[in-house]
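Visitor: Dropping a structure here in structure tokens format, bear with me for questions.
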Protein chains: 2
Amino acid sequence: MLRTNTCGELSLEHVNQEVVLCGWVQRIRDKGGMIWLDLRDRYGLTQLLFEEGKTPSQVLETARSLGREFVISAKGIVIERIAKNDKIATGAIEIRVSELTVLNAAKLPPFLIEDETDGGDDIRMKYRYLDLRRNNVRKNLQLRHQVARYTRAYLDELDFIEVETPVLIKSTPEGARDFVVPSRMNPGEFYALPQSPQTFKQLLMVAGFDRYYQIVKCFRDEDLRADRQPEFTQIDCEMSFVTQEDVLNTFEGLIRNLFSKVKGIELPEVPRMTYADAMRLYGSDKPDIRFDMQFAELKGENQDLTSGKGFGVFDDAELVVGICAPGCAVYTRKQIDELTDWIKRPQIGAKGLVYVRYNADGSIKSSVDKFYSEPDIKKWVDAFNAKPGDLILLMSGQADKTRKQLNELRLEMGSRLGLRNPDEYRVLWVLDFPLLEYGEAENRWFAMHHPFTSPKPEDIALLDGNLGQIRANAYDMVINGVEVGGGSVRIFEKELQQKMFEILGFSPQEAQEQFGFLMNAFEFGAPPHAGIAFGFDRLCSIFGGADSIRDFIAFPKNNSGRDVMIDSPSTISEGQLKELSIQTAL
Amino acid sequence: MLRTNTCGELSLEHVNQEVVLCGWVQRIRDKGGMIWLDLRDRYGLTQLLFEEGKTPSQVLETARSLGREFVISAKGIVIERIAKNDKIATGAIEIRVSELTVLNAAKLPPFLIEDETDGGDDIRMKYRYLDLRRNNVRKNLQLRHQVARYTRAYLDELDFIEVETPVLIKSTPEGARDFVVPSRMNPGEFYALPQSPQTFKQLLMVAGFDRYYQIVKCFRDEDLRADRQPEFTQIDCEMSFVTQEDVLNTFEGLIRNLFSKVKGIELPEVPRMTYADAMRLYGSDKPDIRFDMQFAELKGENQDLTSGKGFGVFDDAELVVGICAPGCAVYTRKQIDELTDWIKRPQIGAKGLVYVRYNADGSIKSSVDKFYSEPDIKKWVDAFNAKPGDLILLMSGQADKTRKQLNELRLEMGSRLGLRNPDEYRVLWVLDFPLLEYGEAENRWFAMHHPFTSPKPEDIALLDGNLGQIRANAYDMVINGVEVGGGSVRIFEKELQQKMFEILGFSPQEAQEQFGFLMNAFEFGAPPHAGIAFGFDRLCSIFGGADSIRDFIAFPKNNSGRDVMIDSPSTISEGQLKELSIQTAL
């Protein structure tokens, strides 16, 4: 090795040893005949000392020629430091350098390579290899490696086998848009990149593999947002001869194990909530349960505390629903107006907000006092179990839409009240998702999870009836309001799978063409099976306490799907196009 | 769980326990009122017992309705077996079944699901999920999982970080043909799938990651052979601040560790051979050193024991070279003729074979006795250190071509003499590969390893001189004559990298367009670095003792790049093509 030690390991016990360190120049101070140089590598920082009179003059001269980010090798003796630095692991020692070699010079980097940098997003993406030198960015990828290691250790221990499934597969019509790959050897034909290894993992169950997992790249050609990448990584899992309960227990175990190993946090048992309750109480299938503020319905399926008093907005509404913000009765009119503007923004699109102040002195003041008497409104206050000092915020309209809007308001209030503590982790299972959802635009039913998800046995009769009411044996794991994983018990009988494709609008021929291999496989002894997949990038970002998955991907793409560092995608040669039997059509 | 135990774990200590097993019907014997059923899962086989008079009649009836590969669940009591079966782990017990459920019926499989099957390659590829049920095929994938586990454990222990590099990258002109992916968001532009993460792992070194690895899918759009797949897996590694020696030691350690853990074999230190010696002594850069039979040159650079005696074939030859096959002097004329025909086949293309029989009685008989005296030929025998009873086989012609042909003959003789024991493992480092090789057809120089490989420092001066003589700091690992991995010390200075591209025929502009991101990165403080990549599929096939990597890939493609199971590649819709701004051009 070119070094005897790394920049992160020397301490007082190494004093008087001769060492060779290699690394990058982090900073240099040159003062009163002394030069202190912080040398950096992946493992830490070590201070190098050069001193006029003691250090060979040629070494001093070389040291004075160095700039930030030069790559050097330094030989010297470990000595005790007079002014110790408690903040770094090697802060008790420094190296009195006797030999110094410049391994490679460096131009001045386009931004500061420090925890706090002056580089904007664009320049840091372009010079990603420099951004990756910053501690916090590198630590994100080290964390990612740890999460992968602990995941594999946990699953290996439980007899799961990691099996690699193919990347060059077949384009199928369901799901998101596929990336495709023209085949040179089969002109006019294309492979597709997998959106997930779903059918392959099911075939592995048919093959008797019993317990499968894979940490695997998947691909979706969707329009990108901050938290989406065209290529992303899944922890993909499947088990045979299990019930939903077994899958929930196994993977709750995984997540608790990861929290324990990676964060040192012992999570309690993960609570469960049905999709129906999640929508009713939080207006979301991924509620953030770090704080309560559950919805209460003043007008809905079970009661009507608002109609017939002359307030047309509520009279015409399918649903009147609200949240109770603790201690917010002190909000000024201006604050409430500002909240009202916030929910009226196009991203949320609410029509308005009704408020009820339940003042600390027990008095009540609402924005609809001219329609409702104090006893009327006292009933609302009771419905919310509000306490003096609370502020009730009400929204109304079409049920689904209103719930979604109120969900946004609830999250915003949670943030404003400091109830969404980034250091607190609340994990939740959401169960019993609907099997199907209706696409108004396409005028047909879609699988909410995917076409391989099994209806709950007690709802199978509804396959010939009210499709919207069928619940699936499907489940999502939600952490702090973010969906980190989801899965389902699968269909494993050919007839039921055929019926499912029929409901989704496939002709028998189309179903056979696209998924015949799977349905045929079901005829040769398919075991009952179920599985789950976690978004690995997302999971890492949660463990790392960051909002964007980009920070946990070594070389991410921007919102146009470009890698600006390597400048990809790019044009290819006419010769390549010809060999692949394709042309561009611009 | 639907079961209490697997089919591989019950023994005498479980006798009298009530258990539930799930699995596939392997076989049924129904004789004299007794039914024995072998139930199979991934973990093993367990015998189920049904007995007239003792088993409920409905259970008996169900048992009699079962066929091969039905998926069942059986509840019963573990009892001691009268006729024990030592061949299986559960052979001491059986299950007296009280309840039996058919979880899924099965059609008769198209081939026998046994270790010895009656299914041909094509049908087993089409029904790969059934082929994967066979013990030997499943065990190959279990072995693969173990090799991956031990690889990660070894590298993690040495502070390597696994980092995922992107799959959607940029097409570059060097190397094999790229698979490309049209970009919908960037019409007319394409991503490429990586042939290896080479430039990314080098950028990770520039980023200071110090020690990187990844078990990663790579892609090459090449014409396929039995041991090639369009997508394959690499163990990809890179280290900073190291010499070639450090890389060799680190990865020799990996391979020795894998042999120890996976095969229980403690390998000796791995010997090393230069490329020049390998070519001279074996005619191959991947010699099988399980057996000697090294080449000896009768006419070559150092001596000429053949010219001027009137044998034109040798007189005109650049090289006369041969091997000495121990104990083969007894070969009949017919056997030698057959060998001669074998090397004349078009795959090898040799012109002929000269033999010298050094008989057990000390007499000598050759096929060129009319040109050479016995003393002449005795000199040849001495050159080979031949012993009485040996057979010398000589070939001649243009040096490189003749060595390659003789390599084939050497391997064939090794096989015929039983010297290539599949249970013996001989690992070898081949070092000092040429940096460049001349492409006669293209009339230019090509990088033998890749354009990022560093010349040996002492040969750098030759970059302006005899390019063919430059040796690279490049190394291959060879096991039993198969190249399993290779790597090099990398160029890390911009100027040298530019020079390299210039030699390869890139204009400065082309070099900047294609690899500017890497050369720019070298200007910001690139450390000395080196790396290696192992062919993971190949490595697994060696541990598994099989010739074809296909057996170690869950869902391989055939020689036309097709997945015949899912019928891919396939046509895609006009709508998809339009969205991607491409057309097929057939």
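The values are calculated or read from the model by the stated rules, or taken from the named source; none is laboratory data. Note that the structure is a prediction, hence the values are computed from the model and not measured. Counting neighbours? That spans all protein chains shown, and the Cβs are built from the backbone with ideal geometry, glycine included.
Visitor: Taking the conditions exactly as written (more than 28 Å from the chain's Cα centre (by Cα), at pLDDT 95 or above and closer than 25 Å to B:Gly308 by Cα), does B:Asp390 satisfy them or not?
Guide: Considered against the rule, which asks whether it is more than 28 Å from the chain's Cα centre (by Cα), at pLDDT 95 or above and closer than 25 Å to B:Gly308 by Cα, B:Asp390 comes out as no.
Visitor: Inspect all residues belonging to segment B:517-534 and state whether any of them is in contact with a strand residue (DSSP E or B) (Cβ under 6 Å, 6 or more places away or on another chain), aliphatic (A, V, I, L, M) and within 11 Å of chain A (Cβ to nearest Cβ).
Guide: yes
Visitor: Kindly indicate which of B:Gly481, B:Gly486 is at pLDDT 95 or above and out of contact with any helix residue (DSSP H, G or I) (no Cβ under 9 Å at 6 or more places or on another chain).
Guide: After applying the criteria, what remains is B:Gly486.
Visitor: On to the next question. Go through (1) at the interface with chain B (Cβ under 10 Å from one of its Cβ atoms); (2) without any contact (Cβ under 8 Å) to a residue 12 or more places away in the chain for A:Asp246 and report which single condition fails.
Guide: Condition (2) is where A:Asp246 drops out.
Visitor: Moving on to the next point. Could you list, in sequence order, all residues of segment B:559-581 that are surrounded by fewer than 20 Cβ atoms within 10 Å (Cβ to Cβ) and more than 25 Å from the chain's Cα centre (by Cα)?
Guide: B:Asp567, B:Thr571, B:Ser573, B:Glu574, B:Gly575, B:Leu577, B:Lys578, B:Glu579, B:Ser581
Visitor: Sticking with this one: Counting only residues that are acidic (Asp, Glu) and either loosely packed, with under 13 Cβ neighbours inside 10 Å or in contact (Cβ under 8 Å) with a residue 60 or more places away in the chain (or both), how many does segment A:341-373 have?
Guide: Total satisfying the criteria: 2.
Visitor: Can you name the residue in segment B:172-185 that is more than 16 Å from A:Ile582 (Cβ to Cβ) and over 22 Å from the mean Cα position of the chain (by Cα) and, of all such residues, is farthest from the other protein chains (Cβ to nearest Cβ)?
Guide: Step by step, filter segment B:172-185, then rank; the result is B:Glu174.
Visitor: Can you find a residue in segment A:493-512 that is β-branched (Val, Ile, Thr), buried (at least 16 other Cβ atoms within 10 Å of the Cβ) and either within 13 Å of another protein chain (Cβ to nearest Cβ) or over 20 Å from A:Thr199 (Cβ atoms) (or both)?
Guide: The answer is no, given that none of the residues of segment A:493-512 is β-branched (Val, Ile, Thr), buried (at least 16 other Cβ atoms within 10 Å of the Cβ) and either within 13 Å of another protein chain (Cβ to nearest Cβ) or over 20 Å from A:Thr199 (Cβ atoms) (or both).
Visitor: Suppose we keep only residues that are of a type in the set (A, V, I, L, M) and under 43 Å from the mean Cα position of the chain (by Cα) within segment A:20-48. Which one would you say is farthest from the other protein chains (Cβ to nearest Cβ)?
Guide: Looking at the filtered set, the residue picked out is A:Leu48.
Visitor: Go over the candidates B:Thr55, B:Thr101, B:Thr62 one by one and state the one that is free of Cβ contacts under 8 Å to residues at least 60 places away in the same chain, over 37 Å from the mean Cα position of the chain (by Cα) and in a loop (DSSP other than H, G, I, E, B).
Guide: B:Thr55
Visitor: Out of curiosity, is A:Val484 buried (at least 19 other Cβ atoms within 10 Å of the Cβ) and away from every other protein chain (no Cβ under 14 Å)?
Guide: yes
Visitor: Being in a loop (DSSP other than H, G, I, E, B) and within 33 Å of the chain's Cα centre (by Cα) is the filter here, so list the residues in segment A:468-505 that pass it.
Guide: Matches in segment A:468-505: A:Ile470, A:Asn473, A:Asn480, A:Gly481, A:Ile491, A:Phe492, A:Leu504, A:Gly505.
Visitor: Considering only residues that are of a type in the set (S, T, N, Q), in a helix (DSSP H, G or I) and in contact with a Leu (Cβ under 9 Å, 6 or more places away or on another chain), which ones fall in segment A:364-422?
Guide: A:Thr402, the sole residue that qualifies.
Visitor: Identify all residues within segment B:121-130 that are in contact (Cβ under 8 Å) with a residue 12 or more places away in the chain and more than 8 Å from chain A (Cβ to nearest Cβ); write none if there are none.
Guide: Hits for segment B:121-130 are B:Asp122, B:Ile123, B:Arg124, B:Met125, B:Lys126.
Visitor: Filter segment B:132-163 for residues that are under 23 Å from the mean Cα position of the chain (by Cα), facing chain A (nearest Cβ under 8 Å) and without any contact (Cβ under 8 Å) to a residue 60 or more places away in the chain and give the result.
Guide: B:Gln142, B:His145, B:Arg149, B:Glu162
Visitor: Something else: What are the residues in segment B:186-220 that are under 26 Å from B:Glu579 (Cβ atoms), within 9 Å of another protein chain (Cβ to nearest Cβ) and within 25 Å of the chain's Cα centre (by Cα), if any?
Guide: Within segment B:186-220, B:Ala192, B:Leu193, B:Lys217, B:Phe219 qualify.
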